[in-house]
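The values are calculated or read from the model by the stated rules, or taken from the named source; none is laboratory data. If you're wondering where the values come from, they're calculated on a predicted model, not measured in any experiment. As a convention, Cβ positions derive from the backbone with ideal geometry for all residues, glycine included, and neighbour counts pool all protein chains shown. Side chains are part of the model used for accessible areas, which takes the heavy atoms of the whole protein and leaves out ligands, DNA and RNA. Shrake-Rupley method; radii C 1.70, N 1.55, O 1.52, S 1.80 Å.
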Amino acid sequence: MTQLARVPPQILPQIIVIAKEPRPGRVKTRLTPPYTPRQAAALAEAALRDTLAAVAAAPAARRVLALLGEPGPWLPAGYDVVPQRGDGLAERLAHAFDDARSACPAPAVLIGMDTPQVTPGLLAEAGRLLDEHDVVVGPAADGGFWLLGQREPDPALLSGLPMSRSDTGALLLRRIREAGLRTALLPELTDVDTAADARAVAERAPSSRFAAAVASLGADVPA
């Protein structure tokens, strides 16, 4: 009888959500105008709730919220909450990876709160890809990235990386290539930065909390 080759089990990743407490005037400031600061915060909270729910439904060794601010009633059970540290977004991302690795040796997948259309399936695919790749990147439509997964944290990938620019994703991929790391790409998603982004994402995820929040404010916001 021929013995079938044994397929090694997938190493489940830990999934990190890096986010801000959804407080008026502190989040989604590019949505104001046309939204008011309170409306922008409501959209941010809906996006964060959708993101945390998707992560909770995805296979993971550990779920982490790297938070700037304080937890609120929007936080479900099952998350380890850690404070963000560092100056600037790139440094905070790098520290989030390092802190997660210190607490758990599993590979890490990091996402933000700006893509409420993310699904558990996409997050599971990121984890599967890390079985055979060093890095997984989810490119964003604005030229950045919505997900970064690493088998082993490499501070050089993020150190000094210019953020929130149209070439941020390209610069990250260049660093990855120059480091000789095996890389996989996920589908492109749209970050919610502007009112047009909010409407587009709501259309693509019509059953989400985010879509419901956009619809509830739609009558007050110019198209």
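Can you tell me which residue within region 57-91, out of those that are open to solvent by 50 Å² or more (accessible area, probe 1.4 Å) and either of a type in the set (A, V, I, L, M, F, W, C) or part of a helix (DSSP H, G or I) (or both), is nearest to Pro116 (Cα to Cα)?
Ala57
Might you check whether a residue that is at pLDDT 95 or above, of a type outside the set (Gly, Ala, Ser) and more than 30 Å from Arg199 (Cα to Cα) occurs anywhere in region 37-58?
No, the conditions are met nowhere in region 37-58.
Each row is one residue, and each column tells you yes or no for (1) surrounded by fewer than 22 Cβ atoms within 10 Å (Cβ to Cβ); (2) farther than 20 Å from Arg204 by Cα.
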site: Ala96; (1), (2): no, yes
site: Arg101; (1), (2): yes, yes
site: Glu125; (1), (2): yes, no
site: Glu132; (1), (2): yes, yes
site: Gly143; (1), (2): yes, no
site: Pro153; (1), (2): yes, yes
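A quick yes/no check of all residues on (1) in contact (Cβ under 8 Å) with a residue 40 or more places away in the chain; (2) among the aliphatic types (A, V, I, L, M):
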residue: Val17; (1), (2): yes, yes
residue: Pro22; (1), (2): yes, no
residue: Ala40; (1), (2): no, yes
residue: Pro73; (1), (2): no, no
residue: Val81; (1), (2): no, yes
residue: Arg85; (1), (2): no, no
residue: Arg92; (1), (2): yes, no
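Can we say Ala53 is part of a helix (DSSP H, G or I), open to solvent by 30 Å² or more (accessible area, probe 1.4 Å) and under 28 Å from Val135 (Cβ atoms)?
yes
Residue pairs, Cβ under 9 Å, 6 or more apart or interchain, first in region 169-192 and part of a strand (DSSP E or B), second open to solvent by 50 Å² or more (accessible area, probe 1.4 Å) and basic (Lys, Arg). List them.
Once the first residue is part of a strand (DSSP E or B) and sits in region 169-192, its partners that are open to solvent by 50 Å² or more (accessible area, probe 1.4 Å) and basic (Lys, Arg) give Thr183/Arg177; Leu189/Arg204.
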